[in-house]
Amino acid sequence: MRNPRTGWLLLSPTLIILIIFGFAPFLYVLFVGFNQWNVFSAEDGLIFNGLDNFRRLVFDEDFLHSVGLTLRFAIFAIGSQIVLGFLLAQMLTRNFPGKSIFRVIHTLPLMVAPIAVGAIWRLLVIPGFGPVPFFLDRWFDFDYRIGTYPDQAMLTSVIMDVWHWTPFVTLTMLAGLSAIPREPVEQAKVDGANRLQVFWYVTLPFLRPVLLTTVFIRIMDAIRTVDEVWMLAGGGPGTRFTGIYIWRVVFPRTDYGYGSSISIITLYLTIVLCWLLFIAISGKSKDEVE
Amino acid sequence: MTTSTQQRIGRFFTTYGIWIFMTVLTLLPIWWMFVVSMRTRVELFARPNLALSRLWLENYSNVLTDSTFQRYMTNSLVVSTGNALLVMVLALLATYALSRYKLAGRDNIFFWLITNRMAPPAAFLLPLFIMFTRTFRIEEITIFDVTLVQGWTLYDTQIGLILLYCVFNLPFAIWLLKGVIDGIPIELDDAAMIDGAGLLGVLRYVILPLSAPGLAVTAILSWIFAWNEYLFAANLTSVNARTITTALAEFVTVTGTNWGELAAMSMITLIPSAIIVILAQRYIVMGLTFGAVKE
Amino acid sequence: MKKLFTIVLLLAFALLANMSLVTADHHGWWAEAAAPYAGTTIRGVSESTPPSNYVADVLAPLFTEYTGINVEFETTSWDQMYSKAINDMEANTGIYDFVYIEQDIIYSYLAQDYLVNLTQAAADHPDLAFADYDEAAFTSFADYFKNADGDLFGVPMEAFVKVYLYRKDLFENADIQAAFEADYGYPLTPAETFEQYRDNAEFFTGYGEGMDMDLWGTTVQGSTGHPASTYEFLESIGPSFGLYNWGINLETGSAQSANGGALDGDTAVEALSYWVGLLPFAPPEATSSTWDEVASSFAAGRAAQGWVYGENAAWIATDETRSAITGNVGVRLPVTAPGVIEDAEMGNGYIGYYDGGAFGIPHSSRNKEATLLWLQFIGQPSVQAEWAAAGARITHTATFDDPLIAEQDTKVDGYYTLLEEQGPLFAGAPPFPFHAQVREIIDPFIHRVILGELTAAEGLSQAAAAVDEELARLGYGG
Amino acid sequence: MSKAKGKPTIEPEIERKAKSPDEHFLPFYTNAFDRVFISAVILIGIHLLWLRFMESAFPIVVATVISLVIGYVVVRRG
């Protein structure tokens, strides 16, 4: 009854667009990754250099450092978002007066463009202009300067990301929670499970698809983050994430060849990371399939 | 006082405690943005002060009366709306195909679709730039001595951005809709077909109504992502199709960032998306289930 | 009879044409020269600076009115402007007919042969050469847009030097002067030597603390997330200590002392340690400050003295909506080490960058002739003065004598006079075809020195090694 | 760049016709695409690690050979 040809037809516009604007540039980047190409080198143009870019990359301390930083950023930011988002969603499943106002307020950060988020947080945390360092200094005698202390810069970008994206997690969690059927929860309570057990054995399994998807989307976006952190701290020490490092190599340094190879490897790492996570959380064992 | 009343009061205070605390945290940066937008440059660099001293609207009037700003705003509206609609339609068709048809390797296709969102944007700008300026280029179309098109490129056009934003919005949308459409029992399709509905009929009368919240949320989130996008818009447009986010970066100049106007413009750009979200709150939660209903 | 009539008519036309040439605004000449190009649109990209905005808001519409050629002008951020211009010229797409050329990138563009030779182009098109436009009338800044043969590749549109600004209200306050003299044993004046500069900085930081004022001793453009810090070191601090050309020896293609470079030499280490040593006397935002934030800090009255780009001098001194210290701004030549001024006068060195930009025509442009007219239009003397007043920039010798500028000059404590008289002591960026590439390499090391992760000596020796590696990779190594 | 998640909705009987599950050593369900994908991931990973740690001793070709062997095993028996 369902002819696969019709299916392909329905799928084709999507595939065409993604192949042209997603896959074709990918192939080009892949190709350039195996070449030396810097516009301002003595010899212009693409020069095939085999694995040299990758050879350089595995010894590039700045790059490896940026990968480490990005992962740390992603883990801290996403971890906090999931916990916070879950708690808030849990709270929002109850009914209380003013709930809808709170939900709207809580969704607002999601609406601010990343570049504006970066700008506003910069204005919030730059000493001299921003209230945060001013009051920290006045009340707690705490020296807060993101330009001087890389760890603070890192922490600030994590907090900024949490501020910006927790609403998204809350929304998905809320959707997930409200879709959980009542009966299993009631049944578990009847069977004498405490709240933690209910959460662990009933709620969590139901939330798994939502949780997984949310984590994935956030990982993908966190690893490619550029604009907000760029605007906040310019990608200095502590915030030189991979996305920004690539940007610097490709644009100011116009090192297209090397930049492409880094991009390829970053893409590779992202895919592997997502895939491993997918397998670890959702991978069906062999027996389950049979 | 019974224990349960105590509990209830305790819960009341915890709820509102968290409520107020989170609201303050959430609103602080936005409030600061608002305060900044109401200040002159001299005031900004005085001692930090979170209170709003007065209503000073010149930043807003400067931004709003600027014709360039109006053009940017129009572009942003056209691009995000166009993209959201396109994404919604394409994603619905694609997800329906992935969900209902036995396509060879469809799970692999699905994963490949998703990977499109993972690419680090910086390095992809170069091939995209070349593609936009040279691959998609029409030197001249002349019909009966009337030159219709001359030197047209995809670069600096609204349609270029609309198509490009599909690269990161489509994967997201398909992912989101996959759960929704998988959750619609296939028997409903079959029943409709037995009643004589064609493919379009099934889509129109079965899938569309049942996946409406999901579609709405897809459109809203795509719209927001497109509205907020900066890097591609900044590099692949020049004058005609520039969007509002790129204008934000223009306030950062050598002779001082114009924070007041930047904040004013940020506030203005916040308004459309905020309105949409307030209106569509309910659908967002209903639509974001990622297939949780099904299991 | 008919023939005679035609001749008379032609003569009359010729006379009319001549007449219009001598009228004040040369309206007719522009209309005539531009006639073949009327209706075309030329596009340009520039950084959004006051001079650029003046071009977009005033000069471009005026030009369109004169010639019928439309000018589409895109002003954007510094990073964006670069990548867009380079992408366009490298991919040869022809989006832009004129691009903003920051002075320091010109040699990279010349090496890649991106730009049209304007001297040559004017000679090739005598019909497009406007009488009042004269390449020789530009200030010495234009020399830094020329190739080895002296041909011009960009029409200078903004030019600044980084000057020493100080707050007159503090330096001329009798109580403060007495307090300073009591502490240091000599009178308080704007600094002449680096020791004195440091003493001033230390004194005012202590003074600000004692009075519970938001006041520190000096600005430092020390952003650890932006090339601005590297720029301040390489184009201002380094040269005034006697470190020229980034310490890179072009002949050997090396920055390391062992190969004839100087980036890890004693002068460089001394300069960097001195500069980083000023950080305790700078406002806390110094490690996040790029050029614009330095100017903002200074305008907010948070620093007693500092190195500030000249384009900011005018608004800091006069614009009350943006500056808290209007009327109290002193302008001086930057502090230099002994012998540096003499070096500069003999042409062996310079005391800082002559900074700014020009408009040039990329080879990829499809409307070169129309753009040539446009560049002459903005390069003609009659538009300069008002443009200078609006953007605090001077690129044309005639501008200095204009009454409008003379009046401004008194308000900004002689900045324009300084530019006129001492301008030649400053020089453009070193003629590197690899400018941005090498700066990006040096950047992280300077940042780490500012953070205190490396000492000045360690940072510079690692930077020099990394620069040599990059130069070899780029094919400029020895 | 392709990989599949093991959604049971996809007809497992086709994918698994040839061998019983016991003959595959990977601890999770895979189809042919997955195994090619895994091999590719391993291939890139081995090459990168090789460039960093082993190339001073053995040429990169060795890594290629090793990863092709592993890839073959994974695709056939994973």
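The values are calculated or read from the model by the stated rules, or taken from the named source; none is laboratory data. Since we're looking at a predicted model, the values are computed, not measured. Counting neighbours? That spans all protein chains shown, and the Cβs are built from the backbone with ideal geometry, glycine included. Side chains are part of the model used for accessible areas, which takes the heavy atoms of the whole protein and leaves out ligands, DNA and RNA. Shrake-Rupley method; radii C 1.70, N 1.55, O 1.52, S 1.80 Å.
Numbers at a glance
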| item | result |
| --- | --- |
| Links that overshoot a 21 Å alpha carbon limit, given the list C:K84/C:K368; A:K99/A:K189; B:K102/B:K178 | A:K99/A:K189 |
| Antiparallel bridges, percent of DSSP beta bridges restricted to the protein assembly as shown (to nearest 5) | 75 |
| When the convex hull of its Cα atoms is projected in every direction, mean area for the stretch B:66-287 (nm²) | 17.0 |
| Scattering profile of the protein assembly as shown at q = 0.05, 0.06 Å⁻¹ [log10 I(q)/I(0), Debye over alpha-carbon scatterers] | -0.37, -0.54 |
| Theoretical gain in end-to-end length, B:T5 to B:Y205 [0.36 nm per residue, Cα-Cα removed] | 67.0 nm |
| Most mobile listed residue (A:A42, A:A74, A:A175) in chain A, GNM with C-alpha springs under 10 Å | A:A42 |
| Cut-off 19 Å (backbone N to label point 7 Å along Cα→Cβ of D:M54), residues of the stretch A:46-88 | A:51-52, A:54-59 |
| Pairwise FRET efficiency - D:I42 versus C:E469, Cβ, R0 = 25 Å, nearest 0.05 | 0.20 |
| Solvent-accessible area of A:L71 with every protein chain in place, 1.4 Å probe, in Å² to the nearest 10 | 70 |
| Cα-based convex hull volume of chain C per residue, rounded to whole Å³ | 149 |
| For chain A, built as a Gaussian network whose Cα springs stay under 10 Å, the top-fluctuating residue of A:I264, A:I180, A:I75 | A:I180 |
| Rg/Rh ratio calculated on Cα atoms of the stretch A:185-224 (Kirkwood radius) | 1.25 |
| Residue-level accessible surface for A:H106, protein heavy atoms, 1.4 Å, Å² | 10 |
| Most fluctuating residue given options B:S53, B:S76, B:S266, as computed from a GNM of chain B linking Cα atoms under 10 Å | B:S53 |
| Heavy-atom accessible surface of the protein assembly as shown: percent carbon and sulfur, 1.4 Å | 62 |
| Per-residue mean of C-beta atoms belonging to partner chains within 10 Å, peptide B:258-269 | 3 |
| Aspartates and glutamates whose Cα lies under 14 Å from that of C:K146, excluding same-chain neighbours fewer than 8 positions away | C:E102, C:D104, C:D113, C:E135 |
| Longest site-free stretch - chain A; sites: chymotrypsin sites (Phe, Trp or Tyr not before Pro), DSSP loop, at most 15 other Cβ within 10 Å | A:143-290 |
| Reachable aspartates and glutamates from C:K168, criterion Cα separation under 15 angstrom, eight or more residues apart if same chain | C:D413 |
| Pairwise Cα inverse-distance average, inverted: Kirkwood Rh of the stretch B:1-56 (Å) | 14.0 |
| Dmax and Rg, reported as Rg then Dmax, of the stretch A:101-177 (C-alpha, Å) | 14.8, 44 |
| Residues of the stretch C:330-353 with amide N under 14 Å of the 7 Å Cα→Cβ point at C:E195 | C:337-338 |
| Exposure ranking of C:D214, C:D104 by accessible area [1.4 Å probe, largest first] | C:D214, C:D104 |
| Theoretical FRET efficiency, 1/(1+(r/R0)^6), r = Cβ-Cβ of C:Y184 and A:D191, R0 51 Å, to 0.05 | 0.05 |
| Spin-label pair B:I159/B:V78, simplified geometry with 7 Å Cα→Cβ offset, distance in nm | 1.1 |
| As computed over the stretch D:29-77, the Cα convex hull volume per residue (Å³) | 58 |
| Cα convex hull volume per residue for chain A (Å³) | 233 |
| C:K411/C:A390 FRET efficiency (R0 22 Å; Cβ-Cβ; nearest 0.05) | 0.95 |
